[in-house]
Every structure is written in structure tokens, then in C-alpha cells.
Protein chains: 2
Amino acid sequence: MPKFMDVHHGMHGITPEALKEAHQADLDIQDDEGVDFQRAWGDPESGMVWCISEAPNAEAVQKIHERAGHPTSEVYPVPVEV
Amino acid sequence: MPKFMDVHHGMHGITPEALKEAHQADLDIQDDEGVDFQRAWGDPESGMVWCISEAPNAEAVQKIHERAGHPTSEVYPVPVEV
């Protein structure tokens, strides 16, 4: 299944607990769109968060993130990986 | 050791071989700054590449990337991870 990197802005001050909670909100509904959210990394200072997922397409990733309450329009396919 | 996400732009059309080669160029010299580059993901269409590393600080990541021929000023600490 294709892999995607998505990017969130404005999550200043994000704590480990808040990121875990946001990630869990994705996991709870990801099956509805066939998405598998794998990892997420956050920078409380810049407010940026990145997520790696496998999904049928970028729209599926967007739909889950939107329904989970943290929408983003930045979802990039990452077919190249090392 | 702190973890970092760095972002590269303009790598349009990047192939698996090119990403592997660029990553290897980092690995070859990363010990000079105490950096451990772990994973990298690329999107040939947008030209974006993301790398995850562990390093003493962001400057160390920048130095290795610059010497390896793919400089970036975007190096974010990611102390929060799931």
C-alpha cells in the first residue's frame, strides 16, 4: 500500500500526551478509510507535526485526520524510502 | 540523544537509487558530528525529502547534510513522538 507523509502546523506546545491522544483518535477510525497511521513526530516549539501512514490514497489520510479533529491539506506520497 | 526531522525541497524526480546514494553520503561522514541518520522518505513529484536523525543538536545535522551536498536550513527537534 502507498506510504504518505503528512504535515501539520500550529500545534505549538504539543505534549507527549496530546500527541498520543491525537494519534489514538486517528487509530480509532482509520479502518473506515483503510489507513494505517504508523508514527508521528512533533516539535512543540515550531508547532509542526509529521505523520507517516500507509493508505489507499492521500484523500483517505486527509479524511481521517479531518474527522479526528486535526485536518491538514499537506499529504505527500513518499514512494521513495531508505 | 535528541531526535530531529529535517526537510529538503527541490529534489524533483528523486529515485530510490538517488535517495540511497544521498543517504549513504550522510552515513559516510555522520560520525564526524556524532549524528545518526535513521530514515528518509522522498516524494519525487513535490521534490520534498524528510530525514529522521539523532544528533547532539540541529547544527550537527545541518553540517553533515551540507558537507554531503544536500544542505537544508530546516532542521526541527522532535522531542515528542508516538
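Descriptive notes on the structure:
- Dipole size of the protein assembly as shown about its Cα centre, with +1 on Lys/Arg Cβ and -1 on Asp/Glu Cβ: approximately 80 debye, rounded to the nearest 20.
- Gyration tensor (alpha-carbon) shape descriptor, the protein assembly as shown, a/c threshold 1.5: oblate
- Whichever lysines have a C-alpha closer than 27 Å to that of B:K20, once near sequence neighbours (fewer than 8 apart) are set aside: A:K3, B:K3, B:K63
- Simple spin-label estimate for A:S73 and A:E21 in nanometres, 7 Å along Cα-Cβ: 2.8 nm
- Taking a point 7 Å from the Cα of A:R39 along the Cα-to-Cβ direction, the residues of segment A:45-80 with backbone N closer than 14 Å to it are A:50-54.
- Each Cα pair of chain A feeds into the Kirkwood radius, which the Stokes-Einstein equation turns, at 25 °C and 0.890 mPa s, into a diffusion coefficient of 196 µm²/s.
- FRET efficiency for B:N57 and A:D28, using Cβ-Cβ distance with R0 set to 25 Å, rounded to 0.05: 0.10
None of the figures in this text is laboratory data; all of them are computed from the coordinates on show. Since this is a predicted model, take the numbers as computed values, not measurements. With ideal geometry, Cβ positions are generated from the backbone for all residues, glycine too; neighbour counts draw on all protein chains shown.
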